[in-house]
1. In terms of Cα to Cα distance under 13 Å, which aspartates and glutamates are near enough to LYS539, apart from those fewer than 8 places away along the same chain?
2. Within a 10 angstrom radius of the beta carbon, how do VAL406, VAL447, VAL261 rank from fewest other beta carbons to most?
3. Can you list the residues, at least 5 places off or on another chain, whose amide H is less than 5 Å from the amide H of ALA185, using H built in the peptide plane?
4. Let me check against my output: what whole-number percent is the relative contact order of region 1-75, with C-alpha pairs under 8 Å and at least 6 apart?
5. If we count other beta carbons within 10 Å of each Cβ, what is the order of LYS539, LYS175, LYS28, fewest first?
6. At a 10 Å Cβ-Cβ cut-off, how would you order CYS530, CYS561, fewest neighbours first?
7. Pull out a ≥ b ≥ c, the square roots of the eigenvalues of the alpha-carbon gyration tensor of region 8-198, then state rounded if a/c is under 1.5, prolate if not and a/b is larger than b/c, and oblate in the remaining case.
8. Karplus couplings for region 247-259 from phi (6.51 cos²θ - 1.76 cosθ + 1.60, θ = phi - 60°), rounded to Hz, Gly and Pro as x?
Amino acid sequence: MPIRQLPSTLIDQIAAGEVVERPASVLKELVENALDAGAAVIEVDAEAGGTRLLRVRDDGAGIPADEIPLALSRHATSKISSLQELEQVASLGFRGEALPSIASVSRLSLISRTADAPHATLVRVEGGVRSEPEPAAHAGGTTIEVRDLFYNTPARRKFLRAERTEAGHLDTVLKRIALSRFGVAFRYRHDGRAVCDLRPALDRASQEARIAALVGEQFVEASLHLEREAAGMRLSGWIGLPTASRSQPDLQHMFVNGRMVKDRSLAHGVRLGYQDVLYHGRHPSFVLYLELDPARVDVNAHPAKHEVRFRDQRSVHDFVFRTVEAALASAGPDNAPAPLPARPMIGSTGGMGGSAGRLALGEASPAYATLSRAFQDTRAVPMPEAQAGEAPPLGYAIAQLHGVFVLAQAADGLVIVDMHAAHERITYEKLKRAHDAGGVGAQPLLVPVSVAVSEREADLVEGAQEQLAALGLQVERTAPERLRIREVPAVLRDADVEALLRDVLSDLMEHGVSQRLEAEVNEVLSTMACHGSVRANRKLTPPEMDALLREMEATERSGQCNHGRPTWVKLSLAELDGLFLRGR
C-alpha cells in the first residue's frame, strides 16, 4: 500500500484506543476535567455499566460558547501553552485528546455555561461528526453525556466485560478520585440507584469518615495517621497497622499532587518501611498523599496518565521509605490504636429475657471446669497505688495465664500480652542498636567469589563503591563483565554471597537504592532475638511482668514481633461489657 494521510476520524479512533479502554476510562477523563474546572460538586449517572450512558455534571467554571467546538478538537487545551508549562503542569488533564477521542467512539453531547453567559451552549457529536452549537438551558458548569460507547467500533465493544464487571470498574475509579479530593462533593447513581453521596470533608474526622465509607471502617480503625515535610516534599495520609496486613495489594492508594498513580518505586518505598514488621507474603494497606514541586515530576509518561516519573527518583523513594518507617517505629502503645482482637463467638446477643446465649444445664459444669483449668496457673497481683488517669498505656500486670500471656489492667480495659512475642521484639531492637553502634563488621572471604554480570551491572558497582562499603560489602571489577566479592558483612558470612550480590544489583538498577543487605542482617538478628527471648511456660514474677510492659512502651515497633504477629491486644471496658451483655 502507498503511504497516505489517515482520515481524521480514523486518527481519533486510534487515539481513543490509548485513552478509552472501557467506560471507567471515560469516567476518569470526564471527572478529571471537572476537577480542573474548579468544580465543588460532581454528579455522575451511569446505565448498564457505563456502556449505555455515562453522564458527568459539574458546577465548575464552564466553557465559553466560542471555545466549545475547539474543546472537541484534537490537541486543543487551555492548560498548557509551552514546553516550560508542560514540564511543571499541575492540572490533571492537559493533552487535549480525551474529548475528541471519546466522541469518535460514542454519541456525545456537551452542554456548558460560564458565569457571565446569558445561556448555555449545546454541541452534539456522533461518531466524530460535530453538530452546530445551539443555545440551551443549563445552570453554571458543564454536563457531558456519553451514550452507546463503541457503537461504531464493534470489535472494541465485544471486548467489554459484563455490565456488573464494568460497573465495578466505575466504582473503583470514582472511589479513588473521591479519595484524592476531600474538598469536593460526589454523587453517583447507577441505573437510577444511588450508589454514594459524599459531602466535602474539610477536617480530619470527616476525612476519616469518607475513607471509612470508601475503603472500609476496619482500615481506619487499624491505621496510623502520618504527616512529614522535608527537602521540598510532603507526605501525609494513613498507613495500616502491620497486624492488619492483607493477602493482596488491593488497598494501596497513592496520590502525587492530587493525581492517582501507580508507581512501583513509591510502592517499593512504602513496603520497605514495613520490612521489619510484616509477614512474608503479606501486603500493607495505605492511603497516602505525596506533594512536591510539579517541576520535579513528569506526568507525561503515560497516554492515560496512570504513571509518573520523578526527576530524582532515589530521593523521593528514600523520603517515602523513611517517613513510613519512622511512623511505624514511633507508634507505641500510648499513641497507636490497639491491634484488633478476634471476636469471641458467644452466641446470640439478644435481650436478657430470652434463652439465646445461655448455657444449657448439662453444658454448665464442663464450661466452668474449663475456665477453672485456664486460670489455675494465674497469680493475682495487687494493683500499685496510682491515681486515676496516671496508669501507663499498657497498665499494670495482674496475672500470668498458662505461662504464655500476661494480663494487665489498663485505665480503660484489659491488655493481653504474648510475652514471648513482646520480649522477642525488645531483644531484636536492642540487637539492632548494638549492631548499628558498633558499625557493620566486615568479614574477608578466604576465597574471593567471582561473579559474571552484565557490563551495565559492573558499571553500576563501580559507581556505588562507597554505598556498598558502608554496608560491609567489598566488590571489585576484574573484567568488563566480571566482579569479585572480597568482603561481606560478618553476620552474613554463611550466606549465599553471589545470590546476595545479584539481589543488591537488581535493587540498585530498579530503585537506585538497596536495602537488601540490611534486610539480610536484620533476618539474622531476628533469629538471634527469637532464640534469646523468654520462652513459653516460664513463670514471671509480678515485677518481671511489669518490667516487660514498661520496656514494651519504650521500644519501637513493639506492637508486633519480628514475624509480624501482634504482641498485645486490648479489650476495652465497653467490649467486656458487651461480652457479658451488661447494661442490656
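1. ASP377
2. Details: VAL406 24, VAL447 5, VAL261 20.
Ordered by Cβ neighbours within 10 Å, fewest first: VAL447, VAL261, VAL406.
3. VAL41, ILE42
4. Numbers: 54 pairs, mean separation 18.1, N = 75.
Value for region 1-75: 24 percent.
5. Details: LYS539 9, LYS175 19, LYS28 26.
Ranked by crowding around the Cβ, least crowded first: LYS539, LYS175, LYS28.
6. Values: CYS530 17, CYS561 25.
Taking fewest neighbouring Cβ atoms as first place, the list is CYS530, CYS561.
7. Numbers: a/c = 1.29, a/b = 1.10, b/c = 1.17.
Rounded.
8. Per-residue couplings from phi come out as 7, 10, x, 9, 10, 10, 10, 10, 10, 10, 6, x, 9 Hz.
A short reminder: the numbers here are calculations on the coordinates, not readings from a lab. Being a predicted model, the structure only gives us computed values, none of them experimental. Cβ sites come from the backbone with ideal geometry, for glycine too, and all protein chains shown count toward neighbours.
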